[in-house]
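J.: Can you read through this structure? Questions will come right after.
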Amino acid sequence: MKKTILQIALLIIAVFLAYLIYESVMRPVRFNKERNLRTELVIQGLKDIRSAQIAYRSIHQRYTKSFDTLIAFVRTGEIPVVKMVPDPTDTTFTRSIRDTIGYIPVKDSLFANRPGYNLDNLRYIPSSSKEVYKMDAGQIERSKVMVNVFEAYALNQQFLKGLDPQLVNNYNDLLESTQRFPGIRVGSMEEATLDGNWE
């Protein structure tokens, strides 16, 4: 009887230890899978912001730091459709004339392939309980020329909220040790670039 109880107890302990080993392996696997999914959503959001900022700049010759302004522009703004035709008075065929032949709504230009896209969500970081992307815009001097710049980003702590805090901290520590930005960012307030740090 004692031998049977001891065998059952050892079996329970073995199963429990096997579960702990399995969990220690699967915990980071699940974290990485969810982190990758959330990262892709944030990147798509930043690409949308970049596209909207580029359209805004094409009309206003600058970027905006206000999501309200950017969303209103995408909702109601129009982009000219320009046709380039050769200048009939130019015998060298090197000059052309830009002819505006119409206008298309910005939202149709940017989000036509995403029916039902809610423009109000442009400002919100996915998986973050409605936290807003940080965004700034302005000018910097490069080679004695003022250049328009903008930056938008989401910190890992924002879009990885709700995941294992220890694994989030480990991930941030890894980025910090390699001197990388602890989040996902597009553009820069220090360099004239529209690239994202994922590219």
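Coordinate-derived values only; no laboratory data. From a predicted model like this one, the values you see are computed outputs, not experimental measurements. No Cβ is skipped: glycine too gets one built from the backbone with ideal geometry, and neighbour counts run over all protein chains shown.
J.: Counting Lys +1, Arg +1, Asp -1, Glu -1, what net charge surrounds GLN44 among other residues with beta carbon under 12 Å of its beta carbon?
T.: Summing Lys/Arg as +1 and Asp/Glu as -1 gives +2.
J.: Also: Which of LEU160, VAL149, SER66 sits farthest toward the positive end of the charge dipole of the chain, with +1 on the Cβ of Lys and Arg and -1 on the Cβ of Asp and Glu?
T.: LEU160
J.: Right, something else. If contacts are Cα pairs under 8 angstrom and at least 6 residues apart, what is the relative contact order of the chain in percent?
T.: With pairs under 8 Å counted, the relative contact order is 20 percent.
J.: Tally Lys/Arg at +1 and Asp/Glu at -1 over every other residue whose Cβ is under 12 Å from the Cβ of TYR171; what's the total?
T.: Taking every other residue near TYR171 into account, the sum is -1.
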